[in-house]
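Enquirer: Could you have a look at this structure, given as structure tokens, before my questions?
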Amino acid sequence: MQRREFLTAVGAMLTAAGAARTALADVFPSKQIRWIIPFAPAGNYDVTSRLVAEPMGRLLGQSVLIDNRPGAGGVIGLEATVNAPADGYTIVMASFTVAYVAPLFAGKKPMLPVLAPVSILTTAPTLIVTRADSRFTDARKLLEEAKAKPGTITMGHSGNGTTNHVAILRLQLNENLKFNVIPYKGSGPGINDLLAGNIDCFADQLTSSMPHIQAGKLRPLVNFGLNSIPDLPKVPTLKEAGCTPFEGGTTAGVFVRAETPRPLIDPLNEGVVAGLKDDNTAKRLRELGAIVRPSTPEQFTQALRADEANVAELLQKNLLRPE
């Protein structure tokens, strides 16, 4: 085949493929969308996903089914996503730590390269909470005991490699202290154990802890963020507690399998953004302390790169590894 004939043939194939993708996007979605939550019910991911899914489904004209797949710090839910067809009908909520760090703790390769970003959902402040009747009445008492009695304070988190876990590791590294760190399959089970008196403290997103704080059942001790939480101005930041500051909030969003065509990602992005901008959803997320952040896929990619820089030191010191 001559070069000109070859190029003509390739052009025709690309044109046909483009037309096929356009036609596919015109009828997408034509059935129910499955939204995988890689953690147990009642945590930050579960609360956020359920609030956004309903208005998203209204815009797209199809229902959005919530599917909790907890385990391995979120890896089980991610595997269910990448093993599903790349047809846009399976989406997952995740963060950089869940998609990149958690698989390392599970002895697997990072899964971020096999996922495509759709939109950021929220950034949720992360903080350490304890029971209202705990001996830890403030951050100073917690940090002093952690230094004086290494490994004796039980500190839960929502799963190995999650943002909560990474925040604990960074606090231990920066302040030269040690907790007895206990992973759970999401914030819900961990908070239940904390309320039952089975652990001393829990690192959690404000979105899942706020109802218990407002009910007087939990006491917030320290905020891992760089800025104060407007609804909890008396809770000190790390800097205010005398610690080296870092940004430990959870920025999470929606992903699909990497091979999903862009003409299918765009309607999903529109649906997620519409869900976040829904008045009732946005109001409820703000009440829970989350920062609502609808974005383009490109903006989400930039945020993921920033998160990678935030864990660089832990990676260099080989602290992000299976234990």
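Enquirer: Give me the one-decimal nm value for the distance between modelled label points at residue 314 and residue 228, 7 Å along each residue's Cα-to-Cβ direction.
Expert: 2.8
Enquirer: Quick check: from the Cα gyration tensor, does the range 167-232 come out rounded (a/c under 1.5), prolate or oblate?
Expert: Here the range 167-232 falls in the oblate category.
Enquirer: What does the accessible area of residue 293 come to, in Å² to the nearest 10, when a probe of 1.4 Å is used?
Expert: The accessible area of residue 293 comes to roughly 80 Å².
Enquirer: Helix-derived [θ] at 222 nm for the chain: sum -39500 (n - 2.57) over DSSP H runs of at least 4, divide by residue count, nearest 500?
Expert: It comes out at -13000 deg cm²/dmol, rounded to the nearest 500.
Enquirer: Return the long-range amide H neighbours of residue 90 (sequence gap of 5 or more, or a different chain), with a cut-off of under 5 Å between placed amide H atoms.
Expert: 34
Enquirer: Next question. With every protein chain in place, what's the accessible area of residue 104 (1.4 Å probe, Å², nearest 10)?
Expert: The accessible area of residue 104 comes to roughly 40 Å².
Enquirer: What does the charge dipole of the chain about its Cα centre add up to, to the nearest 20 debye, if the Cβ of each Lys and Arg holds +1 and the Cβ of each Asp and Glu holds -1?
Expert: So the dipole magnitude of the chain works out to roughly 280 debye.
Enquirer: Further question: Based on Cα coordinates alone, diagonalise the gyration tensor for the chain, multiply each eigenvalue by 5, take square roots, and list the semi-axes in whole Å, largest first.
Expert: 39, 21, 16
Enquirer: Compute the signed sum of charges (Lys and Arg +1, Asp and Glu -1) over the other residues within less than 9 Å, Cβ to Cβ, of residue 292.
Expert: +3
Enquirer: Okay, moving on. Distance between Cα centroids, the range 59-127 to the range 186-216: provide it in whole Å.
Expert: About 23 Å separates the Cα centre of the range 59-127 from the one of the range 186-216.
Enquirer: Measure up 147/185; 147/239; 109/317; 31/283; 239/317 against 21 Å on the Cα-Cα distance and list the ones that go over.
Expert: Violating the 21 Å Cα-Cα cut-off are 147/185; 31/283; 239/317.
Enquirer: Which one of 124, 146, 40 has the biggest mean-square fluctuation once the chain is modelled by GNM with Cα springs under 10 Å?
Expert: 146
Enquirer: Compute the orientation-averaged projected area for the range 210-323 from the convex hull of its Cα atoms and round it to one decimal in nm².
Expert: In nm², the orientation-averaged hull projection of the range 210-323 is 10.1.
Enquirer: Quick one: which residues, 5 or more positions from residue 132 or on another chain, have an amide H under 5 Å from its amide H? H modelled 1.01 Å from N in the peptide plane, none for Pro or chain starts.
Expert: HN-HN under 5 Å from residue 132: 218, 219.
Enquirer: Please work out how much length the chain gains when fully extended from residue 283 to residue 65, using 0.36 nm per residue of separation minus the C-alpha to C-alpha distance, in nm with one decimal.
Expert: Result: 76.3 nm gained on full extension.
Enquirer: Within a Cβ distance under 11 Å of residue 81, other residues only, what is the Lys/Arg minus Asp/Glu net charge?
Expert: Around residue 81, the surrounding residues sum to +1.
Enquirer: Now, a different point. In the Gaussian network model of the chain, springs joining C-alpha atoms below 10 Å, which of 103, 263, 189 carries the largest mean-square fluctuation?
Expert: 263
Enquirer: To the nearest 10 square angstrom, what accessible area does residue 260 show with a 1.4 Å probe?
Expert: Rounded to the nearest 10, that gives 10 Å².
The values are calculated or read from the model by the stated rules, or taken from the named source; none is laboratory data. In this text, all values refer to a predicted model and were calculated from it rather than measured experimentally. Note that each Cβ is placed from the backbone with ideal geometry, even for glycine, and that neighbours are counted across all protein chains shown. Heavy atoms of the whole protein, side chains included, go into the accessibility calculation; ligands, DNA and RNA do not. Shrake-Rupley method; radii C 1.70, N 1.55, O 1.52, S 1.80 Å.
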